[in-house]
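FYI, it's all coordinate maths here, none of it is from the lab. Keep in mind that this is a model prediction, so the values were computed, not measured. Don't worry about glycine lacking a Cβ; one is built from the backbone with ideal geometry, like all the others, and counts go over all protein chains shown.
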Amino acid sequence: MDADPAETAGPTSTGDEPVTATPDGSALARHVTLRQLRYAVAVAEAGGFAKAAKVCHVAQPSLSAQVHALEGTLGATLFARGARGGTPTPAGERVVAHARRVLREVGALAAAARAEAPLEGAFRLGVIPTSGPYTLPRIMPALRRAYPRLALWLREDRTAALVDALVDGRIDAAILALPVDSPVACRLTVTPLYAEPFLLAAPRGHAFAAGAPPRPGDLAGAPLLLLEEGHCLRDQTLDVCRLAGVEGAVEGFGPAGAFAATSLETLREMVAGGLGVTLLPRLACATPHPDLVVRPFADPAPTRTMALVRPAGTARESDCAALAAFLEDNLPDGVAAAA
């Protein structure tokens, strides 16, 4: 698809020259706007102008014009335009990194101004896909009543992507499963919220569908269906098996590892179709399935601990503390407060 004319315009540049201020620094400050910085960051994160415009809820020509104006002020081409969208040039990568820091500081300034009134205005919350659809609908009505001036922006993604977004300042906090296995985990503050039991899901008529409560050790040799690599629930399921001394659980069906689901809903349907068994978080089992049986494990049942995670030393700490306290006071049915 051809790029639109607004995207192809820009100052002539190799894209690798140093980004410098105009001779008069105050003139640069007058001409660079927060809107331009937000749009530049959006283009870098979305990978193109069209997608960035949708994320920012603006017309594409308007967004392109703002980025073009920023390039003119800085005297550098920030994005290589083309059929595939907008790819940051080396200069663009440096400018986007600075823009993120500026936007973080502006957010910190706004947070400092409302320090006595937490959870007002915009707050960007991330959540993993094995929790968000089953947790947030249960708590959002009460959260809106408690904090009517809160504008909550939600992002659903895998743990690694959310941790990157936390460190880069693209989100303020995230609801993640512990432990957070990341090289930057030491740069994060963690507040455990609740312990969520795993249930064993099996097709109707399966040996696990009746009888004594199952134990993790019973999974030995069972056709165990998993989410694909990158989902923390996959690792947690395998950890449950390892802790129970189960080494013979088969991942998927057919050739080893031939099937890995992209979502819990796909996983649920594959189990219902008789292709194996799996572990599901308790909150994901609220809606019955006619061809699926979900059963609690015998005590001590395997669980996962969900937590509110944010950057250490964040200027939004008062907001994060208020959100953590709210979540702890409004736990969904079926989970217990974290120890």
| query | So what's the net charge close to Ala160: Lys and Arg +1, Asp and Glu -1, counting the other residues with Cβ under 15 Å from its Cβ? | reply | -3
| Going by average Cβ neighbours within 10 Å, how do the peptides 177-185, 154-162 rank, with the highest at the top? | 154-162, 177-185
